[in-house]
Every structure is written in structure tokens, then in C-alpha cells.
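Q: I'd like to ask some things about the structure below.
The values are calculated or read from the model by the stated rules, or taken from the named source; none is laboratory data. Please read all numbers here as calculations on a predicted model, not as lab measurements. FYI the Cβ positions are ideal-geometry reconstructions off the backbone, even for glycines, and counts take in every protein chain you see.
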Amino acid sequence: MVSVSEAKAIIKKHAHFVRTGIKTLSESLGYTVAEQIISKYDIPGFRQSSMDGYALKFEDHNNRLEIVGEMRAGKQSDVTLLSGQAMRVFTGAPIPTAVDTVVMQERVYREGDWITVADEQLTLGMHVREKGSEATKGTLALAQGTVLTPAALGFLAGIGCEKLLIFEPPKVAIIVTGDELQEVGQPLSFGQVYDSNSIQLRAALQKAGIETVQVFHATDDPAALEKILGQALLASDLVLLVGGVSVGDYDFVVQSALAQSVRPHFHKVKQKPGKPLFFGTKDETVVFGLPGNPSSALTCFYLYVLPAIDRMMQRADSVCYSKAVTTVDYPKNSGLTHFIKAHLMDGKVLPLHAQESYRLQSYAQANCLLVIPEESTGIVAGEEVQVIVLP
Ligand code: AMP
Ligand code: MG
């Protein structure tokens, strides 16, 4: 049995496999860039006005100027500007080479085709977007390791980058185990339970940016489980076995994993819920044996599986650790780290009812897990505690 921090360190050491692939911008949200992105173009590709106003030569701004033409966004014009002249321009419009400054339309007096500038703050180069000021051809536009947020994708689109190399999400297989499992939508016979784990884990994976997940159901039969695990190991980078990882007579996950040459790194963690957790690897494939109780399975997902996925996708941790003040006492025995389903608001954290690991009712309302350390004998109201903010 290992401690929570030991378990985390072991996973960190072994879950490092990364794969890169080319994606289009619309497929890339949330992924991390796996290359240095060099701009192919000067962006903007031409000098443009950043205001609706008048383009002029700064040295002329104290003179009355004649408007000799107009430039609109998206249009071309070959007007050249002479001394004493100005040009009507609009935001985004190309401006003539001779122009060095744009004055806002609110800051001029206009009489017919003539303007007088009334802008005390006008400076040379004002309201002119220089060619290549957003991105310069041949230079670094976005560094490897940047996470593709909506803004990053917008930036890349703006500089004409259509496809890019990203760190791909791992291919995941979920194997739920248990003779008692029934698919939601089917009637329940006596003794059966609905398989909630594959639904919640798939959803959690989807939220983590993983769309392609294979789900298998294995009965409590070592031969059947081994066969399915063998297939899953071949096709996946990450295998989540669920249930059957404890010490019952029908818990075959660990023995099946060993039979499939999975190298065990630990089995059992000093925590509640989620004590039976198993972790192993086969070559580059990472294997978790999650406890079958749905609440335990999900807690282990947030604590261990998600950080492993984050590593494999070369991004920062999706789960965020923070501090809060508990509003109630919560006694416990020392020996295990407790992860309490809780609700966090305005820096205060309230443990929820229904902490039993077979229940998900309060998990459905939780937005964090309150952490009570292994050695602690409980917390008292008003005490500062650690919380894990759920993604
Ligand atoms: P196990 O870890 O196989 O001993 O299962 C522990 C508890 O979790 C049992 O009550 C199982 O019926 C339940 N369980 C196991 N797998 C699932 C699942 N996929 N969905 C819902 N409950 C499950
Ligand atoms: Mg079972």
C-alpha cells in the first residue's frame, strides 16, 4: 500500500508517453502545440488604419488639408498623397505609403473636402497598424507548449496558419467488469445494477478532450477479462479497468493484468474512497484498475487518471488544488487520506451528505473534493483545508 503522494509520484514517472499529430484549427481546442509555429506571412500584410478618420503626413497636421480620396477595408487604391492632402480612411483600410499618421474623425473639423486637425494628442504614427506588427514572416509566432485556447486558435487563424502539430490525446479503453452490470435503457433484473461508471468516465474523458473511447464489458471471468484486456492493450495508450480490483473472490483485474504482462507499480493507496486502486504499465501503455464503486472510480479518475492524461498531452494540470475554510467539523481516524465530496463557494467549503462510495447523489452536486490528510484525525469548523477544484 502506498500513500497518495507516492502514488502520484509513481504515476508521474511512468505516464509520459506522447504522440503528436497534425490537426486543423477547428480540431485543436484544448490541445498543446507540439512545434514552434513560424509565421508564413507578414500580418497585417499591408499598412492599415486602426480608426475611422483621415490619413495624412504628420508634418502636415497643422495645415488645412484637402481630402483627395477614400480607402475602405478590403479595397485597393493607387492614390498617392502629396503634401497638403489627406485621405478619408476607415478601420482596416490599407493606407498609402506616403501616409504616416491617422487622425480620428472625431478630432477634425470638416468643411466640404477640407479638414483641419484638432487633436492635441496626435503623434507621429498614431492609429497606423504597421505591416507585420502582429506576426512577422519567418519569425516565431507561437511557442511549442502553448495550450490552444480560443484566443490562440483565433491568433493562428489570423496569421493564416491552418493546420498544426499538436500533442495527441491518448487512445483510451474502458473495461467495466461485473456480472451484475446492466446497460442503462434495459430493464434491471434482480441483483443487477446499472453501469454508471462507463457513462461518467466517458464524460470525464470527453471533458478532458478525449473523444475516442472504446468501452468493453467483461464478466467476472478471468479468461474473458484477459482476452478483452489483451485487445485493449494493443489498441490503446491508456486502459481503465473498472471494478474487480479489490480482494474479493471474483476480483480478477490484477491477476488478469499480470497475465497480460502488465508491470505492476502499485496496488492499493492509503486513501478513502479509492483504496483498491491498481496502477501498471505495459510498454508505453498505462493501465489503471479503478475501484468499481462509482464514487471511488471517479475520485481516482480526478486524482490520478486525469493528471496522467495531462502529462501525456503535455499540458498543465486540469485539476486545481486550492485552500478554503471548512464550515463544519469533520472527524476521521488517522491512516488514510480522505477525499470528501464538497461544495466550495466564496472561499468556504461545505462537505456534502452521502459520502458512501456506492453513491453519486452528492457527487452530482459537488464542485470540489475536500482533502483531509492521512495523519489527520479530522478538521474543525473555521480551519483552513485543502480542496481540489473539479474541472
Ligand atoms: P467491485 O469493485 O467489482 O467489487 O465493485 C464494487 C461495487 O461497485 C459493487 O457494488 C459493484 O456492483 C459496483 N460497480 C462495479 N462496477 C460498476 C459499474 N460499472 N457501474 C456501477 N456500479 C458498479
Ligand atoms: Mg465486481
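Q: I'd like to know if segment 9-21 contains one or more residues that are crowded, with 20+ Cβ neighbours inside 10 Å and under 30 Å from residue 337 (Cα atoms).
A: Yes - at least one qualifying residue is present in segment 9-21.
Q: When you go through 306, 277 one by one, which is the residue that is within 16 Å of ligand 1 (Cβ to nearest atom) and farther than 16 Å from residue 173 by Cβ?
A: From the options 306, 277, the qualifying one is 277.
Q: If you don't mind, there's one more thing I want to ask. Identify all residues within segment 241-285 that are more than 23 Å from residue 375 (Cα to Cα), in contact (Cβ under 8 Å) with a residue 40 or more places away in the chain and more than 11 Å from ligand 2 (Cβ to nearest atom); write none if there are none.
A: Across segment 241-285, the qualifying residues are 265, 279, 281, 282, 284, 285.
Q: Follow-up. Identify the single condition in (1) in contact with a strand residue (DSSP E or B) (Cβ under 7 Å, 6 or more places away or on another chain); (2) more than 9 Å from ligand 1 (Cβ to nearest atom); (3) part of a loop (DSSP other than H, G, I, E, B) that residue 173 does not satisfy, given that it satisfies every other one.
A: Of the numbered conditions (1) in contact with a strand residue (DSSP E or B) (Cβ under 7 Å, 6 or more places away or on another chain); (2) more than 9 Å from ligand 1 (Cβ to nearest atom); (3) part of a loop (DSSP other than H, G, I, E, B), the odd one out for residue 173 is (3).
Q: What residue, of 188, 241, is farther than 30 Å from residue 35 by Cα, loosely packed, with under 14 Cβ neighbours inside 10 Å and touching a Phe, Trp or Tyr at 6+ places or on another chain (Cβ under 8 Å)?
A: 188
Q: I need every pair where a residue in segment 342-358 that is hydrophobic (A, V, I, L, M, F, W, C) has its Cβ under 6 Å from the Cβ of a residue that is within 16 Å of ligand 1 (Cβ to nearest atom), sequence separation at least 6 or different chains.
A: 354/361
Q: How many residues does segment 33-45 hold that are under 30 Å from residue 70 (Cβ atoms) and crowded, with 16+ Cβ neighbours inside 10 Å?
A: 4
Q: Let me ask something else. Does segment 179-191 contain any residue that is within 16 Å of ligand 2 (Cβ to nearest atom) and β-branched (Val, Ile, Thr)?
A: Looking for residues that are within 16 Å of ligand 2 (Cβ to nearest atom) and β-branched (Val, Ile, Thr), one finds none in segment 179-191, hence no.
Q: Taking the condition surrounded by 16 or more Cβ atoms within 10 Å (Cβ to Cβ), out of contact with any helix residue (DSSP H, G or I) (no Cβ under 9 Å at 6 or more places or on another chain) and at pLDDT 95 or above, does residue 92 pass?
A: Answer is yes for this residue.
Q: Kindly evaluate residue 148 against the criterion of being crowded, with 16+ Cβ neighbours inside 10 Å and away from ligand 1 (no atom under 16 Å from the Cβ).
A: When the stated conditions are applied, residue 148 passes them.
Q: Can you list the strands (runs of 3 or more DSSP E) found entirely within segment 324-391 that contain at least 1 residues being more than 21 Å from residue 298 (Cα to Cα)?
A: 337-345, 348-351, 384-389
Q: Additional query: Mind checking which residues of segment 182-224 are farther than 30 Å from residue 315 by Cα, without any contact (Cβ under 8 Å) to a residue 40 or more places away in the chain and within 11 Å of ligand 1 (Cβ to nearest atom)?
A: 182, 183, 184, 191, 192, 193, 194, 195
Q: Would you check if residue 227 is among the basic types (Lys, Arg) and within 16 Å of ligand 1 (Cβ to nearest atom)?
A: For residue 227, the condition - among the basic types (Lys, Arg) and within 16 Å of ligand 1 (Cβ to nearest atom) - is not met.
Q: State all residues of segment 361-391 that are in contact (Cβ under 8 Å) with a residue 24 or more places away in the chain and hydroxyl-bearing (Ser, Thr, Tyr); if no residue qualifies, say none.
A: Scanning segment 361-391 gives 363, 376, 377.
Q: Of these, 297, 235, which one is under 28 Å from residue 168 (Cβ atoms), surrounded by fewer than 17 Cβ atoms within 10 Å (Cβ to Cβ), modelled with pLDDT of 95 or more and under 30 Å from the mean Cα position of the chain (by Cα)?
A: After applying the criteria, what remains is 235.
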